[in-house]
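The values are calculated or read from the model by the stated rules, or taken from the named source; none is laboratory data. As the structure is a computational prediction, the values presented were derived from the model and not from experiment. Neighbour counts are summed over all protein chains in view; Cβ atoms, including those assigned to glycine, are modelled from backbone coordinates with ideal geometry. Please note that ligands, DNA and RNA were not included when accessible areas were found on the heavy atoms of the full protein model with its side chains. Shrake-Rupley method; radii C 1.70, N 1.55, O 1.52, S 1.80 Å.
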Amino acid sequence: MAAPALGRLVSTHLLVALFGMGSWAAINGIWVELPVVVKDLPEGWSLPSYLSVLVAVGNLGLLVVTLWRRLAPGKSERAPIQGLLLLPPTPPSAPTGGPGSGLRARAPAVEEEEEASPLQESPSRAVRAAPSPDAETQRLLSVHGACLLGLLAVTSALTNGVLPAVQSFSCLPYGRLAYHLAVVLGSAANPLACFLAMGVLCRSLAGLAGLSVLGVLFGAYLMALAVLSPCPPLVGTPAGVGLVVLSWVLCLGVFSYVKVAASSLLHGGGRPALLAAGVAIQAGSLLGAVALFPPTSIYHVFRSGKDCVDQCGS
């Protein structure tokens, strides 16, 4: 019996990995092409902001369907892939054991007692008193849980909406090579942060808040470069190229780690926490993308450069 069970487990993990690879390959493939096409298409340097909004709106449909299945009478018990649709990949060492709640590794009761998340009562206590829906809601709205959801929403807004919309304005003044390296290495920082979380998972809210502040500092620097486009500091120098690429890699890497850690802590709360985390991620991504679309693509607050024209007087 052990061999068939192991085979099913391996097959399930393999299918989940292929599912994740398919979805991420499509999105990352589009972003990797931007350094080549952004100057040739009608949208120009504002093209990333259009894509950010389109991706966020596309995920909104999944969010609506999941909420309807969760809240509509008679539908709340059948949402088998809501975690896969709404949440980013999480490391196997996380409480879920993978992207979906169905792959969660079952730890002994004593270990779960010690590692219980702020949204989940330990099994031994649950045996003595089964939680009511009101009690689950109270735990979900606890200060700790609300802070974790807030971190997910804010980091998702920055990494999936705000910063991608201005990436062209922060990188292209330094050349297409800088833009290409920032996109490719920034995309690689996401899985690397997930692998790092497999071995070193921060469970401290203060630690995650500190990492978020560090990521905001990198993001502020990148936003400043976009505001100063097409003449940011150190333009035309190797140091400028290195700084902008390094800032993008570190910013996305730090925020990816925060999202993975916060999701891992929330996943232990079961389906309500899984749903809340998915809503926070998608809502934050949508709000971030929509907030940056008008100044980027309508009012043209950020200025684009012109080929073969020295606009910086150097």
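Within segment 161-175, residues that are more than 15 Å from residue 56 (Cβ to Cβ) and assigned to a loop (DSSP other than H, G, I, E, B) have Cβ atoms under 6 Å from residues that are at pLDDT 95 or above and open to solvent by less than 10 Å² (accessible area, probe 1.4 Å) in these pairs: 166/226, counting only partners at least 6 apart in sequence or on another chain.
Of the residues 260, 244, 254, the single one that is open to solvent by less than 10 Å² (accessible area, probe 1.4 Å), under 19 Å from residue 209 (Cβ atoms) and assigned to a helix (DSSP H, G or I) is 260.
Of the residues making up segment 25-51, those that are free of Cβ contacts under 8 Å to residues at least 24 places away in the same chain and not acidic (Asp, Glu) are 25, 26, 29, 30, 37, 41, 42. Looking at 229, 297, just one residue is part of a helix (DSSP H, G or I) and not aliphatic (A, V, I, L, M), and that residue is 297.
Annotation: of all residues in segment 21-44 being in contact with a helix residue (DSSP H, G or I) (Cβ under 8 Å, 6 or more places away or on another chain) and more than 14 Å from residue 183 (Cα to Cα), the one that is surrounded by the fewest Cβ atoms within 10 Å (Cβ to Cβ) is 41. You will find that of 236, 210, 219, the residue that is of a type outside the set (Phe, Trp, Tyr), touching a residue at least 40 places away in the same chain (Cβ under 8 Å) and part of a helix (DSSP H, G or I) is 219 and no other. Kindly check whether there is at least one residue in segment 276-293 that is more than 15 Å from the chain's Cα centre (by Cα), under 16 Å from residue 169 (Cα atoms), touching a residue at least 60 places away in the same chain (Cβ under 8 Å) and in a helix (DSSP H, G or I). Looking through segment 276-293, at least one residue is more than 15 Å from the chain's Cα centre (by Cα), under 16 Å from residue 169 (Cα atoms), touching a residue at least 60 places away in the same chain (Cβ under 8 Å) and in a helix (DSSP H, G or I).
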